[in-house]
Amino acid sequence: MIRRIGHVTAMALASLAFVGCQKPVITQPTDTALNVSDVVLRDVRVLLATTRNDVRIKMSSPFTIRRVNGPAVVRMDQCDWTNIHAESDGSIMFGDTNLGPGKFEIVPADTGLTTFARRSKGKWSPTRHYPGALRLSLDGKGRLQVVNFVDIESYVACVVPGEVFPDFHIEAFRAQTIAARTYALFQMCHSAARPYDVTATEASQVYQGVTRSGAADRARDATAFTRGIVATWSAPDGEQIFCTYYSSCCGGRSQRAANSMVDAPDIPPLAGGVKCDDASVAPTRILRWGPVKISKSELTSKVVQRSRSLNKLGRIERLEIAERNPWGRLSRIRLVGRNGQSGEMTAEAFRLALGSRNIRSTQFRIETRRESFVFAGGRGFGHGVGLCQWGMESMAQKGHRAGAILKHYYPEMHLTRAY
Ligand SMILES: [Zn+2]
């Protein structure tokens, strides 16, 4: 199924393959070019928590806690739930043990998992089981930051069950693994300024660690099947990976990335306008939404929270469509305030300001009432850029393979082996 090996030289392939077996950890990432031949295999750094509260871990196999680039400070055969928090003097507490200030790593022996939970608003989050190491450090505000260092193939296998429906076709699972892998690698090329590459939420990709289910088994099989394969396109500077955006349901036509994402490149795979048959398989509750009523004052406060400069408009009294894309989806919205002044937002930013679960896409009608707006006739779920997951399932059911599905949604894309 590999169409192209890009510009990876035989030697680079051999050394990448070797590195892959050694499960590398490169602790100082640098921003790199997107050329697939420059891809450096290292662990993905997934942000699990930034918190003033406790997190806790439980270990059922031997583990060490060591200072980053330093000696082990704790060695144990196992431990029951043990709380971890940051002290105001900058040191990190592991139960009753003061580890001191600095950065530490919890490293399970062999393939052991770290059982993890975090406290938020007085309640413990659901328990998760993470492969790889957990790094503990403090952010600039003295909050405890927990980052999971996990090899990219394990990461992809853990992401996919959270991103597709369990009974999706195996070719849909395979397409999703390639999109998830490429997305992560792309983020890893742009994260040198951050202590992490991706978050564990839908702001990046949903990552719930190792789970046990039929979907998790299928995700593992699909990940192994597509190991090292990424989505690329022939950029003027060479064969490059790109940000493989995907969303649940585009509602019939995909969206151009440059119309809705900040700083998204206007490149052929993300040009949008791809016709999609998601309606043939997506349930109505996914395909359609609305009406959603929001009072003018609530809407005003939410959009001002996102874009402070809109504060000068006063209460928003009218919404106008400033721009539609060629396929009818809203691209820009004009907001007219009580004092007659107006401002604009991308429709995507407007939607996110009002809540992505509330206004589920940028395809809707606006009805203006005296004290409120009603968003009606909503179609699709998500930003609609790139791969449409329900469209992917529809194509898989019709007999298309993962590569053909991805090529449909990312025009001019190639499948390339990165390692
Ligand atoms: Zn679609």
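Below is a table of values for the structure above.
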| item | result |
| --- | --- |
| Signed unit charges on C-beta, dipole axis of segment 47-143, positive-most listed residue 132, 108, 97 | 132 |
| Radius of gyration and Dmax over the Cα atoms of segment 44-150, both given in Å | 12.5, 35 |
| Principal axis dimensions, largest first and in whole angstrom, of segment 286-379 by Cα | 36, 26, 21 |
| Degrees separating the helix 10-22 axis from the principal Cα axis of the chain, which is the longest one | 70 degrees |
| Eligible aspartates and glutamates near residue 275 by straight Cα distance, threshold 17 Å, same-chain separation 8 or greater | 393, 412 |
| FRET efficiency, 1/(1 + (r/R0)^6) with R0 22 Å, evaluated for residue 68 and residue 89 via beta carbons | 0.70 |
| Segment 103-138-segment 42-76 distance, computed between alpha-carbon centres (Å) | 6 Å |
| Cα gyration tensor shape of segment 60-114, rounded if a/c is under 1.5, else prolate or oblate by comparing a/b with b/c | oblate |
| Whole-percent carbon and sulfur share, accessible surface of the chain, 1.4 Å | 48 percent |
| Rounded to the nearest 20 debye, dipole of segment 286-379 from Cβ charges on Lys, Arg, Asp, Glu | 160 debye |
| Karplus 3J(HN,Hα) series, Hz, for segment 262-279 with 6.51 cos²θ - 1.76 cosθ + 1.60 (x for Gly, Pro) | 5, 6, 6, x, 8, 10, x, x, 10, 6, x, x, 6, 6, 9, 9, 4, 4 |
| Student exercise, the chain dipole from Lys, Arg, Asp, Glu Cβ charges, in Debye to nearest 20 | 1420 debye |
| GNM top mover of 301, 247, 37 - the chain, alpha-carbon springs below 10 Å | 301 |
| Rounded Å value of the spacing that divides the Cα centres of segment 396-419 and segment 313-365 | 33 Å |
| Per residue Cα convex hull volume in Å³ - calculated over segment 231-273 | 77 Å³ |
| Cα-based reach from residue 103 at 18 Å (exclusive), listing aspartates and glutamates while leaving out same-chain residues under 8 positions away | 43, 54, 87, 89, 139, 197 |
| For segment 90-231, size of Cβ-based charge dipole, Lys and Arg +1, Asp and Glu -1, in debye | 500 debye |
| Rounded tilt (10° steps) of 152-163 against the dominant C-alpha axis of the chain | 40 degrees |
| Dimensionless Rg/Rh of segment 115-253 - Kirkwood Rh, Rg from C-alpha atoms | 0.99 |
| For q = 0.06, 0.09, 0.11, 0.12 Å⁻¹, Debye-computed log10 I/I(0) when each Cα of the chain counts as one equal scatterer | -0.28, -0.63, -0.92, -1.06 |
| Point-to-point label distance, residue 210-residue 53, nm (Cα→Cβ direction, 7 Å offset) | 2.6 nm |
| Within straight-line cross-link reach of residue 302, lysines at Cα separation under 25 Å, skipping those fewer than 8 residues along the same chain | 121, 293, 312 |
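The values are calculated or read from the model by the stated rules, or taken from the named source; none is laboratory data. The model shown is predicted, which means the values in this text are computed figures rather than measured ones. Methodologically, a virtual Cβ is constructed for each residue, glycine included, from the backbone with ideal geometry; neighbour enumeration extends over all protein chains shown. Each accessible area value is taken on the protein alone, full model and side chains, heavy atoms only, with ligands, DNA and RNA left out. Shrake-Rupley method; radii C 1.70, N 1.55, O 1.52, S 1.80 Å.
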